[in-house]
Structure formats: C-alpha cells, structure tokens
Amino acid sequence: MDRCVVLVDAGYLLGAAASLLAGEPARPRITVDHAELIQALRERAEADTGRELLRIYWFDGAPDRVPQPEHRRLRVMPRVTVRLGALTRSDGRWAQKGVDAAMHAELTELARNRACADIVLVTGDGDLLPGLMSAKEHGVAVHLWAVQAADGDYNQSEDLVAEADERRVLDRAWITRAVRVNEAPAADPGHPTPRPEIAAILAAPLPETRGTGGEPASTPRATAGKNGSAPETAEGCGPADREPATAGAPGTAGKGVPTPKDLASLGRPAPVAPHGGPPPTATLRWSSDRGWVDRGAPEESAEAAALPMLSQLTTAEQRWADREEDITAVSGDPFEVGQVFARRWAERLVSGNHLDRLSTEYPRIPHRIDGELLRYAARFGLLAHKDDQIDEQDRYAIRAGFWREVDTRTGVERAS
C-alpha cells in the first residue's frame, strides 16, 4: 500500500524533549499538547515520505499496563493506536518493559504484510535493529527520526542510524510546537503541593468535632484524610505523629503533636490487653497541620444518608452510554472525572431538592456517594502503582471537580 506508518517510542521522544528543553530527561518537567504533537507528526511524516498517513502507533509504558489519562486522550484521536508496555520501578527509577519488543513485532508485521511503503521510526533503541533490517528486506523504506540532542551528540544507537534509509532530526523549533517546559519543578510526590482548584475544599470548615467524652475538642479541627483533607499515612497518622516521644507525662507535653502511643494512653481506663498490648478501648487519634482529633467514621446527617447513589439512578441503557462516553470522550483528568460523575448524578435526580441537600454537606461528600465516585475514578488508571490507592492529590482534584459541577448547578459561589 502506498501509505506511511509512524512508530513512536514515547519514552524516547518525550524523554529526549525534556532533556533538550529542561536539561533532564524527566517527563514531569514538560507539558505536552498531545493533539498538536500528533498533528505535527502526521504533517512531517506525509511531507518526508510523500505518502498519505495510514496510522500512528504510540508505544509507551504504564503501571500494570493500565492506560493513564494521556493514553486515554491519545487512543481516541483519529489514526492513532496506543500500545502499552509495563512500567516498573527499580533503584528509584522508572523503566519501560516490553515496549521495544512490541515495536519490533509491529514493525516486522507491517513490513511482512506489505501494509505500507514507508515506516517512520521515532526511537533511539538499538534493540530495534533486527526489525529495521527485516522491514528493509521486505521492500519497506525506513525513516529514522531523532530528537535534537541537548549536548549536540547522538542520542540514538549508531547502528540504528547507519542502517536507516532516511534520517531526520526533530529540532528545538519543531519540538516546542507541542512541548513546553513547566515553570516550576514537579512537586515531590512525598510532599505534594495542593492544586489551586482544591484550595476551597481544604479551607472549608467542618462540622463540630467532639472529643471522647462528648465535649467539643479543645484543639483545632482536622479534615478527614480520605475526603478532602490533609494527608494521612497507612497507620492512620499524619507525618508529625512519627516524631520521637518526649520524656514526661503522656500526651502533648513538650511537643506540638503527640504520638499515637501517647494518645492511646489517654483512652478510658480498661484492663490491660493480653501479651502486653494496648488496652482494647484505647482511643487512637490522628493529626494534621490543623491539630488533632478523634479518628472515626464521619457522622452524616439523615438527609445526606438518604441521598441516592448514581447506580440507583442509572438504567441499563444509560450505563452502556456512560461506558461509551468514558472510552471515547473522557480524558481521565481527575478534575474532569469528578465533574462527569456529578453531571450524571445531577441530571438523573428525580427531585431537585437533593442537590440543595448535598450542597449543605460541603466540603464532605456523603460516604456512599464518595466511595462510588472513587471507584468510578479508578477506571481511568488513577491508581498509584505502589499501593493500588488513588493518589492523594488526585483525590482532592476528583472531589473538587465534583463540587464544581454541583455548585454550577445550584448557583453557589465559593471562595477559591
């Protein structure tokens, strides 16, 4: 067929672009306009080969091969096919697994089936050399594109460069058409910076929190860690709880925030547990930058508990249409995911009073609806690879998108 095909190693293309523009091959240092990048690749390929584009194959790695938001955006674009390999972490660095093998298989299969006359390779991996040679033997012209190297030297396998039929360099001017450098370095995942769109949720007051004795807590209140709040750890405690305990009476003496062990000792008197463990009725507490309070299930009003879930409002036909929209139109951006969920929920409510009731619960989304929202968001590959939990900042953004849609429909304006 008198057409051309483009095979893109995204790890090479975007890593080399980050090196050129930001001085290091970290993809979080750059922002990519994928629609513009695909259009630029198509135009360049058709101009260089003199043939109409058949398809662009985008090869990339993803944790457990679950499509990330950028992959979801790409795979619904015209003439774009996404192929995912695994993304694994070793010695503190992420590495792609299976991407070069997938590219090799696609390259040889296209050539063997004579699906195209020209193949454009955007890669630097020397492991593709056998596939390149095989494609040439089947009568396919192979074009090798390189991203301009930051140091002016090669950033591709020299054997690959020598074997290609045609060679081109994607220079800085071409790269900056679709790629720009982030002004500030990416936030440290261990100490994420709250996003602007979730500032209102973090700053919103919560209902009165009561201590173990039924009296209002005398210390500042903390937001719930799993529903629009400060971070909590796997042990249920904020980072400050892990400070070394100070000498003296248990509790808060000598430091700003007590440890869980200190606070457990403040529980109601109870028999000592077997094997010297903590008392069965000890009250563990957790902390944040706003203080510390009893940790327990959040209390919900009767009105909030009575709000219907989206699944209860959705017919079989709507469920099918929702899935189709998720695949073809929803990019997977956390904020957008929250908006889409809220839009569907609001549009299917029988009573408009439900929205007004929900608005009074701000910033806490009723527990059942919040769980359904996060399960929906998990479909979009927003799970952190390390523990199969949605990233804390993504949870903030998901809920912020939910509230933005609700506020738009109820006409409520909240301070940002």
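The values are calculated or read from the model by the stated rules, or taken from the named source; none is laboratory data. Being a predicted model, the structure only gives us computed values, none of them experimental. Positions of Cβ are generated from backbone atoms using ideal geometry, with glycine treated the same way; all protein chains shown enter the neighbour counts.
Being out of contact with any Phe, Trp or Tyr (no Cβ under 7 Å at 6 or more places or on another chain) and assigned to a loop (DSSP other than H, G, I, E, B) is the filter; apply it to the range 331-342 and report the residue that is farthest from Gln318 (Cα to Cα). Out of the qualifying residues, it is Asp333.
Would you confirm whether or not the range 95-104 contains a residue that is within 19 Å of Ala26 (Cα to Cα) and either basic (Lys, Arg) or in contact with a helix residue (DSSP H, G or I) (Cβ under 6 Å, 6 or more places away or on another chain) (or both)? Yes, because at least one residue in the range 95-104 is within 19 Å of Ala26 (Cα to Cα) and either basic (Lys, Arg) or in contact with a helix residue (DSSP H, G or I) (Cβ under 6 Å, 6 or more places away or on another chain) (or both). Scanning the range 103-119 for residues that are on the phi < 0 side of the Ramachandran plot and either loosely packed, with under 13 Cβ neighbours inside 10 Å or without any contact (Cβ under 8 Å) to a residue 60 or more places away in the chain (or both) yields His104, Ala105, Thr108, Glu109, Ala111, Arg112, Asn113. Only helices (runs of 4 or more DSSP H) whose full extent lies in the range 343-416 are considered here, and the ones with at least 2 residues that are within 30 Å of Leu87 (Cβ to Cβ) and modelled with pLDDT of 80 or more are 367-378, 392-410.
Contact annotation: residue pairs with Cβ atoms under 8 Å, 6 or more positions apart or on different chains, pairing a residue in the range 16-43 that is assigned by TED's automatic domain parsing to the domain that holds Trp145 with a partner that is surrounded by fewer than 16 Cβ atoms within 10 Å (Cβ to Cβ) and of a type in the set (S, T, N, Q), are Leu21/Thr176; Ala22/Asn182; Pro28/Asn182; Arg29/Asn182; Ile30/Asn182; Thr31/Asn182. Selection of the range 95-141 for residues being out of contact with any strand residue (DSSP E or B) (no Cβ under 8 Å at 6 or more places or on another chain) and farther than 20 Å from Cys4 by Cβ yields Gly126, Asp127, Leu129, Pro130.
Can you confirm whether Pro28 is over 25 Å from Leu107 (Cβ atoms) and either in a loop (DSSP other than H, G, I, E, B) or at pLDDT below 95 (or both)? Yes.
Can you tell me which residues in the range 62-93 are in a strand (DSSP E or B) and more than 21 Å from Asp333 (Cβ to Cβ)? Of everything in the range 62-93, those that are in a strand (DSSP E or B) and more than 21 Å from Asp333 (Cβ to Cβ) turn out to be Thr81, Arg83, Gly85, Ala86, Thr88, Arg89, Ser90, Arg93.
Is it fair to say Gln318 is crowded, with 16+ Cβ neighbours inside 10 Å, at pLDDT 85 or above and among the polar types (S, T, N, Q)? So Gln318 fails the test. For Arg55, the requirement of being farther than 24 Å from Phe380 by Cα, in the same structural domain as Met103 (by TED's automatic domain parsing) and not hydrophobic (A, V, I, L, M, F, W, C) is met.
The residue list Val76, Val120, Val99 contains one member that is within 25 Å of Ala40 (Cα to Cα), at pLDDT 95 or above, among the hydrophobic types (A, V, I, L, M, F, W, C) and in the same structural domain as Ala16 (by TED's automatic domain parsing), which is Val120.
The set of residues from the range 126-141 being within 15 Å of Asp9 (Cα to Cα) and buried (at least 19 other Cβ atoms within 10 Å of the Cβ) comprises Leu128, Gly131, Leu132.
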